[in-house]
Amino acid sequence: MIEIILVRAKDGQLRSCTASGHSGYAKKGFDIVCAGISSLLRTVQCLLESDAGISLVSDSPEPGSLAFQVQSCDGASKALSVHCCDFLRCGIKLVADEYPDYVSLRVQTE
């Protein structure tokens, strides 16, 4: 199972996202659940990394593990942080609702 923890601030900004595990839906290279979750996570990671107003720390120590944390976010980039958090929450929830035995999402507010 892929376990995802999404942490957001009270104002909706993304603070961090941690994903670990393998869905086990299908063998490597044919796993649509893994591909869907990976696409969502890596797209948001790329968007955040490309914004000059956001300082992001990322870690992917092994296959099946990805984490990123927003270290700082200036005023002009706060809207992007909120939208990315909403995008992840919505997208991952859609996959988790369709494949509940393969994806777990926990959203925390700090």
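Tell me yes or no: at least one residue of segment 52-59 is surrounded by 14 or more Cβ atoms within 10 Å (Cβ to Cβ), over 22 Å from Tyr102 (Cβ atoms), within 13 Å of the chain's Cα centre (by Cα) and of a type in the set (Val, Ile, Thr).
The answer is no, given that none of the residues of segment 52-59 is surrounded by 14 or more Cβ atoms within 10 Å (Cβ to Cβ), over 22 Å from Tyr102 (Cβ atoms), within 13 Å of the chain's Cα centre (by Cα) and of a type in the set (Val, Ile, Thr).
Looking at Ser39, Ser50, Ser72, which is the one that is polar (S, T, N, Q) and in contact with a strand residue (DSSP E or B) (Cβ under 6 Å, 6 or more places away or on another chain)?
Criteria check complete, one pass: Ser72.
Sort out which residues of segment 37-51 are hydroxyl-bearing (Ser, Thr, Tyr) and surrounded by fewer than 14 Cβ atoms within 10 Å (Cβ to Cβ), and write them in order of number.
Selection gives Ser39, Ser50.
Which one is farthest from Val70 (Cα to Cα) among residues in segment 1-15 that are open to solvent by less than 20 Å² (accessible area, probe 1.4 Å) and part of a loop (DSSP other than H, G, I, E, B)?
Gly12
For segment 1-17, how many residues are of a type in the set (A, V, I, L, M) and either at pLDDT below 95 or within 13 Å of Ser81 (Cβ to Cβ) (or both)?
4
In segment 81-110, what residues are open to solvent by less than 50 Å² (accessible area, probe 1.4 Å) and part of a helix (DSSP H, G or I)?
Across segment 81-110, the qualifying residues are Ser81, Val82, Cys84, Cys85, Leu88, Gly91, Ile92, Val95, Ala96.
Against the definition (of a type in the set (A, V, I, L, M) and open to solvent by less than 30 Å² (accessible area, probe 1.4 Å)), how does Ile32 come out, yes or no?
Working: of a type in the set (A, V, I, L, M): yes; open to solvent by less than 30 Å² (accessible area, probe 1.4 Å): no.
No, not satisfied.
Only one of Ser72, Ser81 is at pLDDT 95 or above and farther than 21 Å from Ile2 by Cβ; which?
Answer to the check: Ser81.
What number goes with the only condition from (1) surrounded by 14 or more Cβ atoms within 10 Å (Cβ to Cβ); (2) closer than 18 Å to Thr109 by Cα that Gln71 does not pass?
(1)
What tally of residues in segment 27-42 results from selecting those that are under 14 Å from the mean Cα position of the chain (by Cα) and at positive phi?
0
The values are calculated or read from the model by the stated rules, or taken from the named source; none is laboratory data. Because the structure is predicted, anything quoted here is derived from the model rather than measured. As a convention, Cβ positions derive from the backbone with ideal geometry for all residues, glycine included, and neighbour counts pool all protein chains shown. Accessible surface areas use protein heavy atoms only, side chains included; no ligands, DNA or RNA. Shrake-Rupley method; radii C 1.70, N 1.55, O 1.52, S 1.80 Å.
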